[in-house]
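Worksheet: one structure, shown below.
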Amino acid sequence: MKTYTLTLIAGLLCSSAFAQKNIIKQKMMESDEQVESKLINEENNTSLGDYASFIRTHAWNSRVSAFSILKNTKELDIPIIGGRVRSSLVDKINDIALTAPSGGGLWKFNTDGSSFSPINDLGEFLAITNINQNPFNKKQIIIGTGDSQHGITGNGVFVSSDAGNTFTQIISTNPINNSAFQYISFVKYSPQTQNTIYLVSRTKLYKSTNAGTSWTEVFDAGYNDIRSLEFTASTGVMIAVEKKGVYTSANGNLNSFALKTSGIISEADVDNIVVSSHDANRNIAYALKEKNKVGRVFKTINGGSSWTELATPDFYLSQGWFCLTLGVHPVSYTHLRA
C-alpha cells in the first residue's frame, strides 16, 4: 500500500491542475501513513468530492482550451491511474507497443489499453527513461536506464533486435566503465545516418557512429541538465538545456553546438525548457519554456535558427523542473501535446 500511495502522490505532483496546488502541498507534508489512511477513506467515500475525484479521473488534465495552437483538446478520464509514464513507443505495423512507467520496468501492452505485461523483471535496471526505434531497422529498439531525479542508478543502454521481446546491454555503456552512464536521460537513433546514436547523460551529450561500440562526448552543459534531444533537417541536432535555452548543431559533432537567441528567450528568462521537432518536416520545431511556473511556446520553421513566440497556454506548470515535456503530432505539425 505504501508503494501505491507514493506512486499516486507522484502522479498528482505532475498534474497541471492549479486548483489542487494547496491540497497537494498539504499531502506532501504528511507522513506516508497519514496519506495512506486518507486515500483509503477518500476512495471509499465519494462524498469527499474534489480530491478523490481528482485522483480517479483527472490524473491527466489538459487545460488548454484557450490556446489556439492546441486544437480539439479534451480531458482524458482515466480511472484508477497512478504514477507517470516515462516513455512509450507504438508501432502498429510491426506489432510494437512498449511503455516504461515511473514505477519501473518495461511493459508490452495492447494498444486499446486492455492489458499490460512485463517484458521481463528487468531487475538490474528498473528505471527506464527512454525508448527509441531504429528508423533503418524497425525491429531494433533501444532503451536508456537510470533516473537521476530520484537517484535510481541504471545499468546503461540496452538494445533489442526482436521488436522489444529481449534485450542485451550495449557493453560500452556499462556504468562500471563510465559512471556517467548511470543516468541515461535520452538515447536516440539518428533519423538520417545509419549506426549513429545520440545519448544524453544528465548534463552531457554523447555521440556514437558505430552503433554504440564507442562514444564521443560532443556537448557539456556544465551544471545544467539537458531536457530534450531532437533532430532537425539532414544531420542536424537540437537540444534544450535548463536555465540556458536551445542549442543546435548542423552535424552533432564536438564544438558545433550554438545557443539560439533570435526570437527566443534569453538565459535570464528561462528556468526549464523542452523542444520537439516535427518528424515529417524537421525544420519545424516547437519549444516550451517555463519561468516561475508559467509557460511560453515558440516555433521555428528553419531548424532552430530563429523563433517566433506563439500564444501563451493557460495551464499552470507546477513541476516544470521535473515533468515538462512537449510533443508534435507526426503528421500534423499544428497539433501539440504538452
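Rounded to 0.05, the FRET efficiency of the Glu309 and Ile171 pair, given R0 = 41 Å and the Cβ-Cβ distance, is 0.35. Fully extending the segment from Asn178 to Leu259 would add 26.4 nm, taking 0.36 nm per residue of separation and subtracting the current Cα-Cα distance.
When restricted to Cα atoms, the range 152-215 yields an Rg and a Dmax of 11.4, 33 Å, respectively.
Direction-averaged projected area, Cα convex hull, the range 147-296: 9.8 nm², rounded to one decimal. For the range 80-226, the square roots of the Cα gyration tensor eigenvalues, ordered a ≥ b ≥ c, give a/c of at least 1.5 with a/b no greater than b/c, which places it in the oblate category. What does the C-alpha gyration tensor say about the overall shape of the range 187-271? Classify as rounded when a/c is under 1.5, otherwise prolate if a/b is larger than b/c, or oblate. Prolate. Its residues counted as N, the range 103-158 yields a C-alpha radius of gyration over 2.2 N^0.38 Å of 1.22.
When the C-alpha to C-alpha distance is required to be over 32 Å, the pairs from Lys92/Lys244; Lys92/Lys243; Lys108/Lys291; Lys139/Lys243; Lys108/Lys207 that qualify are Lys92/Lys244; Lys92/Lys243; Lys108/Lys291; Lys139/Lys243.
Available extension along the chain between Ala250 and Phe136 is 39.0 nm, counting 0.36 nm per residue and deducting the alpha carbon span.
Using 0.36 nm per residue and subtracting the Cα-Cα separation, the extra length available between Ile93 and Lys293 on full extension is 68.1 nm. Rounded to the nearest 0.05, the FRET efficiency derived from the C-beta distance between Asn283 and Asn110 at R0 = 35 Å is 0.45. Packing-based ranking of 93-100, 245-252 yields 245-252, 93-100, ordered from highest to lowest mean Cβ neighbour count within 10 Å.
Every read-out reported here was derived from the displayed coordinates using simple, explicitly stated rules and does not represent laboratory data. Here the structure is a predicted model, which means the values were calculated and not measured. Using ideal geometry, Cβ is built from the backbone for each residue, glycine included, and neighbour counts are taken over all protein chains shown.
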